[in-house]
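Before any comments, here is the structure.
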Amino acid sequence: AAHPGLAALGLALPCWAPQRLVGRALGHDPGGVDAAVAHLGRSYAWATEFENVHSFWRYDEPPLTIGGRVYAGSEAYYHAQKPQPWDKALWDRRKRRVMETAVRAKLAADPGGLRELLLATGQHPLLSLKRDAVWGFDPVTARGENLLAEIWMQLRAELQLAESGSLAVADAADGGTE
């Protein structure tokens, strides 16, 4: 962990850690987590590996190859897609699709670890608790679109559907017996 408070917890990735414990280690009060739970109506899950910027815990995001080009990671790809010259309206229409491409490439580049981690979240809502009202949920203002988590939940649903289809095919091949 890059932050002394997190290092003191003795946690190593990949792992699950209560958000309140992590928040306390970073010096935050539990109000942000409480607001997030109230916003969702239930508890949520999140893993730092799902983030695009890894400033608190170390996650070695693999390089991504997208469209024949190699990017250092999902965040590098995302920023490289911004229109030049800058056009906010155009970017606002594109940014979710660009991030989805980045997240799909990230999942493909680390299929074992991220796939297992994502599927382990089951049906829990995902939430990125950070000061970003677009990609996360801002614990200070208690608002946010949480778009990054929405993309991960979409991919999780696709993986779960594919897995259930594979199980149905395997069950049919077995003649429906256990």
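Exposed loop positions in the chain were taken to be trypsin sites (Lys or Arg not before Pro) whose DSSP state is not H, G, I, E or B and which have at most 16 other beta-carbon atoms within 10 angstrom. Between these positions, the longest stretch is 59-130. Of interest is the spacing of the C-alpha centroids, which for segment 98-145 and segment 7-53 amounts to 13 Å. For the chain, modelled as a GNM whose springs connect Cα atoms under 10 angstrom apart, the maximal fluctuation among Gly67, Gly27, Gly136 occurs at Gly67.
Run through every distinct alpha carbon pair of segment 44-109 and return the Kirkwood hydrodynamic radius in angstroms, one decimal place. Present the calculation step by step, with values, prior to reporting the outcome.
On the way: mean 1/r = 0.0785 Å⁻¹.
Mean inverse Cα-Cα distance, inverted, gives 12.7 Å.
Translational diffusion coefficient of segment 59-178 (Stokes-Einstein, Kirkwood radius from Cα pairs, 4 °C, 1.567 mPa s): 79 µm²/s. Database remark: amide H of Ala45 closer than 5 angstrom to the amide H of Leu126, Leu127 (H placed geometrically; neighbours at sequence offset of 5 or more, or on other chains; Pro and chain starts carry no H). Heavy atoms of the protein chains alone define the surface here; on that basis the chain has 56 Å² accessible area per residue at 1.4 Å probe size. Put simply, the C-alpha atoms of segment 1-128 give a gyration tensor, and the ellipsoid matching it has half-axes of 28, 18, 15 Å, longest first.
Scanning the chain for helices, which whole DSSP H stretches are 24 Å or more long along the axis (Cα) and average 1.6 or more by Kyte-Doolittle? Present the calculation step by step, with values, prior to reporting the outcome.
Working: long enough: 88-109 (31 Å, -0.72); 147-173 (39 Å, 0.65).
Result, helices passing both filters: zero.
Using only side-chain charges placed at the Cβ, +1 for Lys and Arg and -1 for Asp and Glu, the dipole size of segment 1-160 relative to its Cα centre rounds to 300 debye. With all protein chains in place and a 1.4 Å probe, the accessible surface of the chain carries 56 percent carbon and sulfur.
Okay, helix-only estimate at 222 nm for the chain: each DSSP H run of n ≥ 4 adds -39500 (n - 2.57), divide by all residues, round to 500 deg cm²/dmol; what do you get? All intermediate terms of the calculation are to be shown ahead of the outcome.
Numbers: 7 runs with 87 residues, N = 178.
Dividing the helical sum by the residues of the chain leaves -15500 deg cm²/dmol.
For Lys82, the lysines whose Cα falls under 17 Å of its own Cα, not counting residues fewer than eight places away in the same chain, are Lys95.
The values are calculated or read from the model by the stated rules, or taken from the named source; none is laboratory data. Predicted model only: the values in this text are computed from it and were never measured. A quick note on method: Cβ atoms are made from the backbone with ideal geometry, for glycine too, and the neighbour counts reach across all protein chains shown. The protein model used for the area step is the full one, side chains on, heavy atoms only, and it has no ligands, DNA or RNA in it. Shrake-Rupley method; radii C 1.70, N 1.55, O 1.52, S 1.80 Å.
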